[in-house]
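What follows is a short report on a single structure.
Every number here is computed from the coordinates shown, using simple stated rules; none is lab data. Every value quoted in this text rests on a predicted model; they were computed, and no experiment measured them. Methodologically, a virtual Cβ is constructed for each residue, glycine included, from the backbone with ideal geometry; neighbour enumeration extends over all protein chains shown.
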């Protein structure tokens with residue numbers, strides 16, 4: 001990434017180190033989410049336990065990166081684009097940590113409420129989870145390159161996740177009507193579906209941080225058309 005040239009070459013090294021750590025954290029979060037969904041779909045209790053066990057790694061990374069950002073603000077007193085980068089990173093790692101929490105919660109559902117062939121409610125989450133994981137992967141790629149165009153395109157993918165989420169809810173409501181005895185289990189799946197849908201919202205947030213860093217424009221709470229207009 002081209003952060004611009006600074007009088008202190010060490011400043012550039014510090015910025016690049018922080019960015020690298022964010023991408024490492026993002027890769028771990030993506031893996032955690034993928035493993036959690038595999039555990040849920042395949043009733044893999046051991047894999048689910050691994051996700052829960054490894055959650056502390058995500059939390060530790062967030063704390064470490066946050067502390068590095070605090071140090072660089074105190075020591076370098078960055079301004080303009082450098083400060084926007086630091087703020088974008090702090091916000092990004094918060095959203096990544098919360099996606100990690102989603103993965104852990106879904107893994108716990110897999111452990112506590114394993115499905116069976118007679119209760120195939122978890123299968124309906126597969127398309128939704130694939131879209132959420134793909135969106136997370138793409139937004140991390142956009143962050144790695146600080147690519148505004150890619151970020152804007154990824155931002156729009158949340159609409160497809162919302163559509164799939166609504167379809168899942170309709171399907172689960174039908175299950176509840178047909179099999180009222182299984183309502184407690186179905187409610188757990190509904191909660192998982194909502195958690196996965198929120199991953200898309202977190203990814204949208206990261207897209208907005210990328211745009212904020214590159215363009216210096218706050219595009220939060222804008223509709224897609226307004227966002228496109230702001231980027232012209």
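So what is the relative contact order of the stretch 9-226, in percent, for Cα pairs below 8 Å that sit 6 or more residues apart?
The normalised contact order for the stretch 9-226 reaches 26 percent.
Who wins for biggest fluctuation among 16, 164, 197 in a Gaussian network model of the chain, springs between alpha carbons below 10 Å?
Looking only at 16, 164, 197, the largest GNM fluctuation is found for 16.
Just 143, 35, 11 to compare: in a GNM of the chain, with alpha carbon springs under 10 Å, which one fluctuates most?
Of the options given, 11 has the highest mean-square fluctuation.
Please compute the length gained on full extension between residue 188 and residue 13, using 0.36 nm multiplied by the number of residues separating them and subtracting their Cα-Cα distance.
Here the answer is 58.4 nm.
Show me 103-109, 87-93 ranked by packing, highest mean number of other Cβ atoms within 10 Å first.
The peptides rank, most packed first, as 103-109, 87-93.
I need the shape label for the stretch 8-158. Rule: rounded when a/c is under 1.5, else prolate if a/b > b/c, else oblate, with a, b, c from the alpha carbon gyration tensor.
It is prolate, given that a/c is not under 1.5 and a/b is the larger ratio.
Place a label point 7 angstrom from the Cα of residue 159 along the Cα-to-Cβ direction, then list the residues of the stretch 200-214 whose backbone nitrogen is under 19 Å away.
The answer is 200-208.
For the chain, modelled as a GNM with alpha-carbon contacts under 10 angstrom, which of 165, 175, 212 fluctuates the most?
So, out of 165, 175, 212, the one fluctuating most is 175.
So if I take the centroid of the Cα atoms in the stretch 31-58 and the same for the stretch 149-217, what is the distance between those two points in Å?
Here the answer is 19 Å between Cα centres.
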